[in-house]
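Values in this text are rule-based calculations from the coordinates and carry no lab data. These numbers come from a predicted model, not from an experiment. Reconstructed Cβ throughout: ideal geometry from the backbone, glycine too, with neighbour counts over all protein chains shown.
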Amino acid sequence: MKPEKIIASFLVVLKTSPNLFTEAATEALKALEKDIVAAENESNQAISKILSNWCIDYPEITKALESVATRGKAIPKASQPQGDENISENQFPRLFPRLLESLEKRIKSEKPENS
């Protein structure tokens with residue numbers, strides 16, 4: 001799979017399926033954000049490797065990423081138990097703005113080259 005596809009698929013999962021990110025995964029996103037930002041001058045191949053290595057510990061996220069990459073669709077959101085309506089709102093853009101910004105820049109900068 002192309003590095004850009006991995007990056008784009010991870011972004012889709014992060015933005016559309018926050019329910020897949022357990023408390024541990026959400027906590028681990030802090031370290032991932034630091035790693036991605038620190039690797040700003042690295043290739044997309046290096047970034048996709050960082051993302052792939054991070055996903056190894058989170059099989060549900062890995063499955064969703066593969067689903068997006070192969071079918072172009074995020075997996076459906078799991079139903080939230082009653083009383084958790086506020087939790088279902090995706091807080092990741094607010095919590096990890098540098099992660100999203102770094103990954104989105106890579107996807108935008110790659111599109112012209114792949115045409």
For T62 and E104, FRET efficiency with R0 = 22 Å and r from the beta-carbon atoms, rounded to 0.05? 0.55
Taking the Cβ of each residue in E42, E4 as the centre, tally the other Cβ atoms inside 10 Å and list the residues starting with the fewest. E42, E4
Treat the count of other C-beta atoms within 10 Å as a stand-in for reagent exposure and order S9, S67 from fewest to most. S67, S9
According to a simple spin-label model (label point 7 Å from Cα along Cα-to-Cβ), what is the distance in nm between D35 and N53? 0.6 nm
Estimated inter-spin distance, F92 and A28, nm [label 7 Å along Cα→Cβ]: 1.3 nm
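Of K5/K108; K34/K63; K2/K105, which sit over 22 Å apart, Cα to Cα?
Values: K5/K108 12 Å; K34/K63 24 Å; K2/K105 16 Å.
Result: K34/K63 exceed 22 Å.
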